[in-house]
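The values are calculated or read from the model by the stated rules, or taken from the named source; none is laboratory data. This structure is a prediction, so every number in the text was calculated from the model and none was measured. Every residue, glycine as well, gets a Cβ built from its backbone with ideal geometry; the counts of neighbours run over all protein chains shown. We work out accessible area using only protein heavy atoms, side chains counted, and drop any ligands, DNA or RNA first. Shrake-Rupley method; radii C 1.70, N 1.55, O 1.52, S 1.80 Å.
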Amino acid sequence: MNTLRPLLIPAALLTALIGIVASISPRFEYGSDMLGRPIFFFVAVMMAAGFVYLFAVWRVRTLPDSKNILLLIIAVGFILRVLFFFSKPILEDDYYRYLWDGGVTAHGYNPYARTPNDVFLFEDDEVPPTLVRLADESGRVADRVNHPKLGTVYPPVAQAAFGLAHVLRPWSLQSWKLVLFLCDATTLFLLLRILHYTGLPRTHALIYWWNPILLKETYNSGHMDAVIAVFLVLGVYWIVQQRLYRSGLALALATGTKLWPILLLPLFLRASTASRKGLAKTIALSGIILLFLCAPMLWAIPLGERSGFLAYGERWEMNDALFMGVGYVTRIVTSPLGLLDSTSETLTRFVVGGLLLGWIITLARKPIAEASELFNRLALATGALFMLSPTQFPWYFLWLLPFLALSPRPSLLLLTAMLPLYYLKFYYVAQGEADFFHNTLVWLEYAPVLLYSGYEFYRYKLGPVSVKDPNRA
């Protein structure tokens, strides 16, 4: 009991705070008056949960690797998931797109060939009658799909997950959450295997399993990013065992869920002890698998300006700080050239892409001899991807979270407590004060993280952040 005591208080507080969020979720009913929703209270409770979580992370990293502690961690995490499972989604509606795509995919149609409006509003004369009937059967799903003028942006592996949820129970958010739970629980299992295999404390799984952002974005909002996490961790599980072909397959599946994991390939290859021939075979095999997986996305090309991929790649920008800062500098530098705003924005994306690519190359230059160094570099690479992205939605933090469980970095874990500020956007947009959010609150959201990251770089450079090991004398 004495070994459990340091985690009992944060466990109780975190359970209470998540319970409070779940209890107020009905006040965020879809279509209700935005200004009548308790947005500030919700944000405050989520931030409080974030700080309690950070305290729990600090405590668990100073405790021995005890079986009783691990059982407590798993049990509390399961309770937290149950609390959110049947709650009403708070300020998010992406899952309606998932449900629609899942229905289209499960019925054997290509989800990239048409926009929802092509079906809902009969904007395409060649829409099969089955799809029209499907829209009628979906009920409110067809009315609530966001950005219905655009095609889907979710790659084929994600579509398979959506389709599985539809097969289990059509148009059901709970069915989709069950798929997410299967992915989430598998990720935990793989993390525990990796921690055990590499000699790290299994209790560090708390960093993943208790994270409030993970809980809210997966089990309340129903975001799909838990699907990508399982393939990323599976890839790490296999690469630490030097099963290069399998890790390449897992990375291809992750890229087939969301396209960005291909950036991690240089780090996976660096961690391998295979010959050059083996590395070349892995690249070729992974490339063939990825081309096969992503072939259905070619049907999005005829959509032109209605392509979700094109719109997301060219125009999407939200809750960003560093990207906005790079854009500001780019406009100053290019203003004497008289470039259009759209051209400057495109140039900003190229500049940020170049910075990220340079960062990946820097991380991959030196050989990776130990698993701990691989984990650290994966966290640094994915952290940079998140921090430089033009879209820094809270659920994108889930890409990074499994790597932080393997190589904790306090600066990036601090995002758990700061990212809930994103949800104030909905209040300020409803008030007609969107500029205050975009130009002021965003910097308050990220300033502590950037400052702490600077301190970590000053003290540890690119190395792992050290902590006292309670298992050593």
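So here's what we get for this one:
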| read-out | value |
| --- | --- |
| Residues of segment 427-437 classified as touching a helix residue (DSSP H, G or I) at 6+ places or on another chain (Cβ under 8 Å) and in a helix (DSSP H, G or I), total | 7 |
| Boolean, residue 62 is crowded, with 20+ Cβ neighbours inside 10 Å and either without any contact (Cβ under 8 Å) to a residue 12 or more places away in the chain or of a type in the set (Ser, Thr, Tyr) (or both) | no |
| Where residue 133 falls short, out of the listed (1) free of Cβ contacts under 8 Å to residues at least 60 places away in the same chain; (2) on the phi > 0 side of the Ramachandran plot | (2) |
| Conditions (1) at pLDDT 95 or above; (2) open to solvent by 30 Å² or more (accessible area, probe 1.4 Å); (3) assigned to a loop (DSSP other than H, G, I, E, B); (4) in contact with a Lys or Arg (Cβ under 9 Å, 6 or more places away or on another chain); number of the one not met by residue 234 | (3) |
| Top-ranked residue of segment 248-278 - restricted to ones that are part of a helix (DSSP H, G or I) and open to solvent by 40 Å² or more (accessible area, probe 1.4 Å), ranked as farthest from residue 356 (Cα to Cα) | 277 |
| The lone exception for residue 451 - which of (1) without any contact (Cβ under 8 Å) to a residue 12 or more places away in the chain; (2) under 25 Å from residue 366 (Cα atoms); (3) among the aliphatic types (A, V, I, L, M) it fails | (2) |
| Complete set of residues in segment 161-180 that are part of a helix (DSSP H, G or I) and of a type in the set (S, T, N, Q) | 174, 175 |
| Residue within segment 311-327 that is open to solvent by 60 Å² or more (accessible area, probe 1.4 Å), assigned to a helix (DSSP H, G or I) and of a type in the set (D, E, K, R) present | yes |
| Matching entry among 159, 174 (being touching a residue at least 12 places away in the same chain (Cβ under 8 Å), open to solvent by less than 20 Å² (accessible area, probe 1.4 Å) and not aliphatic (A, V, I, L, M)) | 159 |
| Subset of segment 6-40 [open to solvent by less than 60 Å² (accessible area, probe 1.4 Å) and not in a helix (DSSP H, G or I)] | 32, 37, 38 |
| Number of the condition not met by residue 49 [criteria: (1) at pLDDT below 95; (2) in contact with a helix residue (DSSP H, G or I) (Cβ under 7 Å, 6 or more places away or on another chain); (3) not aromatic (Phe, Trp, Tyr)] | (1) |
| Residues satisfying the stated conditions in segment 81-132, i.e. open to solvent by less than 30 Å² (accessible area, probe 1.4 Å), aromatic (Phe, Trp, Tyr) and outside any loop (DSSP other than H, G, I, E, B) | 84, 95, 96, 98, 100 |
| Conditions (1) within 30 Å of residue 82 (Cα to Cα); (2) in a loop (DSSP other than H, G, I, E, B); (3) free of Cβ contacts under 8 Å to residues at least 12 places away in the same chain: number failed by residue 199 | (1) |
